[in-house]
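S.K.: Sharing a structure here in structure tokens format.
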Amino acid sequence: MLKRTITAIVLVAILLATFLMGPFYVHWLLRLVMLLAGYEVYKIKKNEWPLYILFYILLFLGVANFDLHLLSLLSSLVIIGLFIAIFSKKVNFEDISFLIMMLTILILGIYSIKSVLEYPLWVFLYIIIGTYTTDTFAYLGGSLFGKHKLIESISPNKTIEGAMIGTVMSMIVSLLFAKYYVVLDSKVILITSLLMPFVAQIGDLTFSMIKRHYEIKDFSNLLPGHGGILDRIDSILFTILLFNTILMLFM
């Protein structure tokens, strides 16, 4: 628990310091985070080199801020990679499906974050606070009051009581933070604050399902007490996409 707390304090300090230094440094921190996340994906089945090397190339191009037209053109690399994988007898359909799913989640996450960072940094902080309030209070609520398992086959430690407490607290904290710091259409704030805790938990469960399938506890040990990068950003990848979608629909 002490190790987990110390790591959390260090992560918060790095995040706050980066925010204070300005958008340029925030962009570079996010690029580093995404590349480390990509490495964790690669590490799961690194022996399947044709497919996963191409996965990492495309992820790097997305992180390096190439425009979407060039990225679309270079996505043909994935098709070539699939062709090689099929005939290499090293990769099966499951590997291909896993690659496509992770590439989609990470690339959409990258571009959603880039879009949100066009607004004041308080908007991005609003998403972070709403997401991690869900995670934190779901964990605390489950530890203190949890009696009924949420989805035991995917994540045995998560409880219905924890999920409910995390959801309610996230809604309250998000709405209060937005009231004082975020200048956006009230519909956007209301819809996001209400949906964010549900989507955060879907993201968490999705990555828990992946870990369960590949029989791993954490994606890596880069963050002592917390596991890997993907263990920390699983929810935020989904909530940032939700927020970006709501912005496109209502702004």
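S.K.: Select from the range 207-240 the residues that are over 10 Å from the mean Cα position of the chain (by Cα), under 21 Å from SER170 (Cα atoms) and free of Cβ contacts under 8 Å to residues at least 60 places away in the same chain and list them in ascending order.
M.R.: Hit for the range 207-240 is SER208, nothing else.
S.K.: For the range 190-244, how many residues meet the condition of being closer than 19 Å to ALA8 by Cβ, surrounded by fewer than 19 Cβ atoms within 10 Å (Cβ to Cβ) and acidic (Asp, Glu)?
M.R.: Summing the residues that are closer than 19 Å to ALA8 by Cβ, surrounded by fewer than 19 Cβ atoms within 10 Å (Cβ to Cβ) and acidic (Asp, Glu) in the range 190-244 gives 1.
S.K.: Taking the range 202-233 only, how many residues are in contact with a helix residue (DSSP H, G or I) (Cβ under 8 Å, 6 or more places away or on another chain) and closer than 17 Å to ARG4 by Cα?
M.R.: 15
S.K.: Moving to a separate point now. Only one of LEU140, LEU125 is more than 24 Å from ARG212 (Cβ to Cβ) and in a helix (DSSP H, G or I). Can you tell me which?
M.R.: Among LEU140, LEU125, only LEU125 is more than 24 Å from ARG212 (Cβ to Cβ) and in a helix (DSSP H, G or I).
S.K.: Now, a different point. Out of all the residues in the range 195-205, which are touching an Asp or Glu at 6+ places or on another chain (Cβ under 9 Å) and without any contact (Cβ under 8 Å) to a residue 40 or more places away in the chain?
M.R.: Scanning the range 195-205 gives a single hit, GLY203.
S.K.: Is it fair to say SER153 is hydroxyl-bearing (Ser, Thr, Tyr), closer than 28 Å to LEU103 by Cβ and either surrounded by fewer than 21 Cβ atoms within 10 Å (Cβ to Cβ) or touching a His at 6+ places or on another chain (Cβ under 6 Å) (or both)?
M.R.: It is true that SER153 is hydroxyl-bearing (Ser, Thr, Tyr), closer than 28 Å to LEU103 by Cβ and either surrounded by fewer than 21 Cβ atoms within 10 Å (Cβ to Cβ) or touching a His at 6+ places or on another chain (Cβ under 6 Å) (or both).
S.K.: Moving to a separate point now. Looking at (1) over 15 Å from GLN201 (Cβ atoms); (2) within 21 Å of the chain's Cα centre (by Cα), can you tell me which one SER143 breaks?
M.R.: If we test SER143 against (1) over 15 Å from GLN201 (Cβ atoms); (2) within 21 Å of the chain's Cα centre (by Cα), just (2) comes out false.
S.K.: Answer with yes or no whether ALA178 is touching a strand residue (DSSP E or B) at 6+ places or on another chain (Cβ under 6 Å), of a type in the set (Gly, Ala, Ser) and assigned to a helix (DSSP H, G or I).
M.R.: Answer is no for this residue.
S.K.: Looking at (1) touching a residue at least 12 places away in the same chain (Cβ under 8 Å); (2) surrounded by fewer than 22 Cβ atoms within 10 Å (Cβ to Cβ), find the lone condition where GLY162 falls short.
M.R.: Only one criterion in (1) touching a residue at least 12 places away in the same chain (Cβ under 8 Å); (2) surrounded by fewer than 22 Cβ atoms within 10 Å (Cβ to Cβ) is unmet by GLY162, namely (2).
Any read-out appearing in this document is the output of simple, stated calculations on the displayed coordinates, not a laboratory observation. Treat the numbers as computed from the prediction; the structure is a model and nothing was measured. Here the Cβ is made from the backbone with ideal geometry for all residues, glycine too, and neighbour counts use every protein chain on show.
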